[in-house]
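In what follows, a structure is listed as structure tokens, so that the remarks can point back to it.
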Amino acid sequence: MWRKGWVVSLVLGAVLAGFLWERPWAGQAGADEAETFLPQQIPASALYRADVSVDMKTHTVAGTLTVRFAPQDSQAYFHLYPNAFQAKADLGGDNWEKVLGKQREPGSISIAEVRVDGQKVPAELQGRLQTLLRVPLTDKSSSEQTEVELRFTLQVPYNNGRLSYNDHAMWLGNWLPILAVKGADGWRLDPYSAIGDPFYSEMANYHLRVQLAEGYQLASSGIESVAVVTQTRPKRQTVYEIDAWNVRDFALVIMDDTYRQQMGKVGDVVVRTWSQEGDDPKIGGRLHEVAMQSLGYFGEQFGRYPYQEYDVVKTGGFFGGMEYPSLVFIQDEYFDRSDMVAEAVVAHETAHQWFYGLVGSDEVNEAWVDESLTDYATMAFLQRADPASAQGYIQLRLGQSEAAESYAGQGLQVGQSVERFPTWKSYTELVYGRGSAMWWTLREAWGEEKLHRLLRTYVHRNQYGQASGQELIDMLSQEAGANAAPFIDYWLKLRIDRKAAAETWMRSGKHE
Ligand SMILES: [Zn+2]
């Protein structure tokens, strides 16, 4: 997700435009191709097969989901995130207000039947809002694959969130039941929270069969360019069969015929930007260029983008942008404003393809890991494109970082879990502002090359897996040849008294 914040308003012209497009990054999907595997080369821990039918009139999605995996326990849990938006959910308060907006209709996912290896089982809904499904796996062994089959009906809620619709599109983020992760400390059954992106999942392969009425089109986390598309008569339905290898989630946007795609290639990667007729073609064109240029730049800096496609789609929403594997949602207003904020949002969501997508992290307990790196990468991209225009964005974040020091007295930290942030403002200033300013300050001390080499190693080591904040901190200590604790204390733990020690640490790590 992308948050700008409310303290400083960013007013910038479209100076970036002319300069940006002459840069030579398009065509370089990544310098070190040998170091990043292709998603098809890695065995995935689970295979999701879904056969769904989408009704754009009633805003429902119904079908079956079959998940094949090796059990880790005598039970499995699925997150049913859409149930967070049920009628009985009391989503009051300013933080939910931001997510949902004033006008809202409830939604939910109902599970009709659960089978394990073909046998009906008594699965059980859990959690205050039934956002979890517990499936018993009695007598199943971790050495053998088990298959869980669910029949479900999803009523898509109407609100300002990641799972909603308007008159022309329906965007499905965190819609499909997804396996909870079992870590060293047990099952991770984190509930949906208003603040942050409260998701945590492992890589999996997906095969989706999606049935849609004629006149609609789709963008997804899978590979649309090789999808098998079949028309059925007389029902006038189109069936798409779409695959995705090694993705952490599978998002889908269904669009009517007011949507247009711009398509380009960065190396072998197909990049599509979806906007609507009536949108200013100059703005859409520029966002498409930013998607392409930033994908190329991040590939060059952090390791190649290994997927075949990347879709940037105009949706509604409160979030600025929202990242999913190979697909990002961009809030509609950014297709209607010619300032650098829109470009920053697209670059930010693109950077998430590395920090969240390729390298997963715990977005519930350590939101700073992916958000701070992603927003730092956004600053680095904007700086490379046009240093003068980038200053506005960089100063915004540095200003938020300073403002964040006032939270020290309230016991808040950058590295705390999402439910501990009292407001969106504190979350934005700490996780985005303070977090990205930390990396920016380190870059100024160490130089871009040294920092990006470290980040490239981080991506390479953790590709298709999960990384922790501690691993980043250990890498910093190792790179500097001195314990990074003072630096982390000052920047992430808001120990203002450690400022001088943090600077000393940075200087000690400056030289090889
Ligand atoms: Zn983000």
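None of the figures in this text is laboratory data; all of them are computed from the coordinates on show. Remember, predicted model here, so these are calculated numbers, not experimental data. Glycine also receives a Cβ, built like all others from the backbone with ideal geometry; neighbour counts cover every protein chain displayed.
Details
- Estimated FRET transfer efficiency (GLU444, SER406; beta-carbon r; R0 30 Å; 0.05): 0.80
- Cα-based equivalent ellipsoid, the chain: semi-axes from gyration tensor eigenvalues, Å: 35, 27, 23
- Relative exposure of SER389, SER143, SER372, judged by other C-beta atoms within 10 Å (fewest first): SER143, SER389, SER372
- Order of PHE85, PHE78, PHE335 under a 10 Å beta carbon neighbour criterion, fewest first: PHE335, PHE78, PHE85
- DSSP-loop GluC sites (Glu not before Pro) across the range 247-332, with at most 16 other Cβ within 10 angstrom: GLU277
- For the range 260-314 versus the range 188-207, the spacing of their alpha-carbon centroids is 25 Å.
- Here r is the Cβ-Cβ distance between LYS499 and THR60 and R0 is 60 Å; the resulting FRET efficiency, rounded to 0.05, is 0.65.
- Its Cα gyration tensor gives the range 44-257 an equivalent ellipsoid. The semi-axes, each the square root of 5 times an eigenvalue, are 26, 23, 15 Å from largest down.
- Order of ASP489, ASP190 under a 10 Å beta carbon neighbour criterion, fewest first: ASP489, ASP190
- Of all DSSP beta bridges in the chain, antiparallel share, percent nearest 5: 80 percent
- Compactness check for the range 99-149: Cα Rg over 2.2 N^0.38 Å is 1.58.
- Taking every alpha-carbon pair under 8 Å whose residues sit at least 6 apart, the chain reaches a relative contact order of 17 percent.
- A simple charge model with +1 on the Cβ of Lys and Arg, -1 on the Cβ of Asp and Glu and nothing else charged puts the dipole of the range 44-257 at about 340 debye relative to its Cα centre.
- Share of alpha-carbon pairs per 10 Å distance bin for the range 291-369, given as whole %: 19, 50, 29, 2
- Percent of C-alpha pairs per 10 Å bin in the range 164-226, short distances first: 13, 40, 30, 14, 2.
- Helix-derived mean residue ellipticity, 222 nm - over the chain, DSSP H n ≥ 4, -39500 (n - 2.57), to 500: -8500 deg cm²/dmol
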